[in-house]
Amino acid sequence: MKLNQSKIVDCTIRDGGLVNNWDFSVEFVQKLYAGLNEAGVDYMEIGYKNSPKLLKGAEQAGPWRFLDDDFLRKVIPQKGTTKLSALVDIGRVDENDIPDRSESMIDLIRVACYVKDVDKALQLVQTFHDRGYETTINIMALSNVMEHELIEAFAMIKESVVDVVYVVDSYGSLDHKDIKFLVEKFQTHLPNKRLGIHAHNNLQLAFSNTLLASEYGVEMLDASVYGMGRAAGNCPTELLVSQLKNTQYKLRPVLDVIEQLMIPLREKEEWGYIIPYMITGSLDEHPRSAMALRSTKDKDKSADFYDKLMSPEVTFEQK
C-alpha cells in the first residue's frame, strides 16, 4: 500500500503567536521542534518573516513575529528532517530582508493575501522562488470572495511559479460541502498546482474539514499542537498525526509536547472552541468582535453578544 502524500505544516508558533503576542521562550520552540521532528511532522512554521519597520507595536512582540536568520541558527543549530516555514503578509514584508535560501534556515515561505492583492502576492512569490524557496499563496477569507474574483485570481495563479495554493477558512465557517466545492473548484482551475488547507475551529469542523480535504487530494495540511491559534484555533496536529491513514507519523512525541508545553500554556492563555467564536463562525464573520468580548467582564454573555451581532447598527472595537 503506498504512503499517503499528505504533509503536515505545524503552525503552533506562527498562528499560536497571535494568542500570546509570540511570547514563546527559545527553550519552548526548541522542545517543540524536537518533538515535531521526532513525530515526523513535515514542516514547522516557526513564525512570520515580516518587517518590524512596517508594523506598529513591533517592539512589544516576541522574536517569532520578525524572524531573523542569525537568531534562528542559534535556536535550531541542527535541523532535522522537519523543514522550517515562515509566513509573510502583503505590505508587511521587505523583500530585502529575505536572503537566498542557501543562506537561510527557512525552506518554505508562504504569502498570505486577500483576493484583491493576488497580483502583489504573486510578485513576492516570484521573488522568493527565484531565491530558491518553496512557496505557497494563501488567499484569506475565501468564504467572502465572489466567484468572479476567484476565477480572475486563478488565471494569474495558474501561470505563476507558486508551488502550493491554499484553501483558507479564515472565519471557521465552512462545512464539508463547502470544502468539497472549493477543493474541486481549485483543482478544476489549477490542475498544475498542489493544494493546501488552513482550517479554523469555530464550528468544531477544522479537523474533519482537513481530513476530508486530504481525501480529496489536498496535500499540505495546516495544524497546530493542541489546536493553538487565534481565537477558536486550528486543526490539532495530534489528531492528524493519529488519524491520517498510511502515514509514518508518531503520536507519542506530540503527546509529550502537549504535556510539557501546551497544558501549562493553556492555563495562562485562551484559545479553542469557545461560544462567542462559535457564534462568529456560524455567522461567517471575522472573530475580532468575539475576541474583544472575551477581554471584558461580560466575556461569557453569549446570548447578549449574539443579539448585538444580529443588530446591524452595532459595531465592536477590540481593546
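Results, tabulated for the structure shown:
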| read-out | value |
| --- | --- |
| Percentage relative contact order, the stretch 169-271, counting C-alpha pairs under 8 Å, at least six apart | 23 |
| For the stretch 26-72, the spread of Cα positions along each principal axis, largest first, Å | 37, 19, 18 |
| In the stretch 207-308, the trypsin sites (Lys or Arg not before Pro) that fall in loop regions by DSSP, at most 16 other Cβ within 10 Å | Lys245, Lys250, Lys268, Lys297, Lys299, Lys301 |
| Probe 1.4 Å, protein heavy atoms only - accessible area per residue of the stretch 134-251 in square angstrom | 38 |
| Computed over the chain: relative contact order in percent, which uses C-alpha pairs under 8 Å that are six or more apart | 18 |
| Built amide H within the under 5 Å cut-off of Ser224, gap 5+ | Cys11, Cys235, Thr237 |
| Cut-off of 10 Å, at most 10 other beta carbons, DSSP loop: longest stretch of the chain lacking such GluC sites (Glu not before Pro) | 1-158 |
| Accessible area, probe 1.4 Å, largest first, for residues Leu195, Leu251 | Leu251, Leu195 |
| Given charges at Cβ of Lys, Arg, Asp, Glu: the stretch 21-64 dipole, positive-most of Gly35, Phe24, Tyr48 | Tyr48 |
| Per residue convex hull volume, Cα atoms of the stretch 94-181, in Å³ | 105 |
| Cα pair distances exceeding 21 angstrom across the stretch 18-111, given as percent | 29 |
| Probe 1.4 Å, protein heavy atoms only - accessible area per residue of the stretch 1-123 in square angstrom | 44 |
| In order through the stretch 21-31: 3J(HN,Hα) via Karplus (6.51 cos²θ - 1.76 cosθ + 1.60), integer Hz, x for Gly, Pro | 6, 6, 8, 9, 6, 4, 4, 4, 5, 4, 5 |
| Proximal charge balance of Lys301 [Cβ under 15 Å; K/R count +1, D/E count -1] | 0 |
| Among Val164, Gly217, Ile98 - extreme Cα towards positive end, dipole of the chain, charges at beta-carbon | Gly217 |
| The chain pair-distance distribution - Cα-Cα, 20 Å bins, rounded % | 33, 61, 6 |
| The stretch 145-301 - percent of accessible surface contributed by carbon and sulfur, probe 1.4 Å | 51 |
| Antiparallel DSSP beta bridges within the chain, percent to nearest 5 | 5 |
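The values are calculated or read from the model by the stated rules, or taken from the named source; none is laboratory data. The structure displayed is predicted, hence computed values, not measured ones. Neighbour counts run over all protein chains shown; Cβ positions are idealised from the backbone, glycine included. Surface accessibility is based on the protein's heavy atoms, side chains included, excluding ligands, DNA and RNA. Shrake-Rupley method; radii C 1.70, N 1.55, O 1.52, S 1.80 Å.
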